Amino acid sequence: MRAFVLLALLFQLALTAPVPALNLEVCNSGEETIFIAHAESSFNSPYRAVGGWTELTPHKCWKREAPKMDRMSVLAAYIDGQGRLGAVQFNPDFRAGGQYSLSRGPYSFCVHPKDGFFRGRVRTAGARCPREMVRVKFPFYIAGQKRPGALARLKVAVKQGTLHEDYAVIPWEPEEAPPDPQEERYANSGKIDLLRGPSARQIEAAEYRNLQLRMQIANALILKDAKLKIHSLDLDKCLSTKDGPFYCRYKLDAQIEASKKMRPMAQLLNLGFLFKGYYWSSFTVSRGRWVIVKQYEGCRVSDVDIRCWSRK
């Protein structure tokens, strides 16, 4: 009976004991309304939850309790007298006590400048952000071992009428992606000729779009920031059966460029281009341009039909 009472007491203490957490309190001690966005994660996770915006009028505070988190990145922004949204830059004087250290934030994340947003499982922002979002560095970084009752305090002060420096401005609209020089090269690759089939340039354009789609998948899963470049295409011939697609035999000279870390993987794929030699693809017309239907290792041509095969 005594052992049972002891276990019940221990269980009750476990329920009532404070849970270790990274607790953050941000207060607006200035004269401008500020908007808070933050990202949080545990030390052993590359992913972060990112969200915003919390509006803080002067002399108001916002508190975030994150029991499972060890670190937070914080962005404080405000709209200046010229109507520009911008980030409050790092200032060690904004630290107002607490058990956690405050340092200059090393990470950037994608934010929505015009609306509230939340992304539950993201990495730090790369070169591109989802549509309508922009990449912004979060100037404040708080990290430390969780302890019961531990708190990080941040007092952000912006004087009324303070204008943003140009480097601190957060654009209201995402930057347009720079034009792809290879896509421009294929923009005027010739009219569709349903009698002769695709030209070498049109096949090159179709291959480029096809490989770019595969690259997007590879970038998400394996390769990071890899780029594709097609040097040339050697067209042997194009044939068609009645009411069927065109079958073209050609050899492609292409190259994938990747970062130093992913270069061995890119070199392996480039060897595939080098030793692939001539192969066949079937083509059809979609939305006014030639597109690849399927690719084959080889085709057997007779007077009546074309039979192609590919490795399963």
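The values are calculated or read from the model by the stated rules, or taken from the named source; none is laboratory data. Since the structure is predicted, the reported quantities are computational estimates derived from the model, not experimental observations. Glycine also receives a Cβ, built like all others from the backbone with ideal geometry; neighbour counts cover every protein chain displayed. Keep in mind that these areas ignore ligands, DNA and RNA; they rest on the heavy atoms of the full protein, side chains included. Shrake-Rupley method; radii C 1.70, N 1.55, O 1.52, S 1.80 Å.
Sub-6 Å Cβ pairs linking a first residue in the stretch 198-209 that is closer than 12 Å to residue 188 by Cα to a second residue that is modelled with pLDDT of 90 or more and open to solvent by less than 40 Å² (accessible area, probe 1.4 Å), at least 6 apart or interchain, are 202/290, ordered by first then second residue. Taking the stretch 191-201 as the range and being open to solvent by less than 50 Å² (accessible area, probe 1.4 Å) and either polar (S, T, N, Q) or at pLDDT below 85 (or both) as the test, only 199 passes. Which count do you get for residues in the stretch 46-57 that are open to solvent by 30 Å² or more (accessible area, probe 1.4 Å) and either part of a loop (DSSP other than H, G, I, E, B) or closer than 14 Å to residue 112 by Cα (or both)? Count: 5. Among residues of the stretch 241-267 that are part of a loop (DSSP other than H, G, I, E, B) and of a type in the set (A, V, I, L, M, F, W, C), those with a Cβ under 7 angstrom from a residue that is open to solvent by 80 Å² or more (accessible area, probe 1.4 Å) and modelled with pLDDT under 90, sequence gap 6+ or separate chain, pair up as 262/224.
Looking only at the stretch 82-106, residues that are under 15 Å from residue 30 (Cα atoms), open to solvent by 70 Å² or more (accessible area, probe 1.4 Å) and modelled with pLDDT of 90 or more come to 1 in all. Apart from one condition, residue 293 fits all of (1) open to solvent by 50 Å² or more (accessible area, probe 1.4 Å); (2) not in a strand (DSSP E or B); the exception is (2). Of all residues in the stretch 225-265, those that are touching a helix residue (DSSP H, G or I) at 6+ places or on another chain (Cβ under 9 Å) and either within 20 Å of residue 202 (Cα to Cα) or of a type in the set (Phe, Trp, Tyr) (or both) total 15. Checked against the criterion of being touching an Asp or Glu at 6+ places or on another chain (Cβ under 9 Å), modelled with pLDDT under 90 and charged (D, E, K, R), the stretch 297-308 has no qualifying residue. Evaluation of residue 22 against the conditions (1) under 27 Å from residue 158 (Cα atoms); (2) surrounded by 20 or more Cβ atoms within 10 Å (Cβ to Cβ); (3) at pLDDT 80 or above shows that the sole unmet condition is (3). The number of residues in the stretch 273-290 being of a type in the set (Phe, Trp, Tyr) and either on the phi > 0 side of the Ramachandran plot or assigned to a strand (DSSP E or B) (or both) comes to 4.
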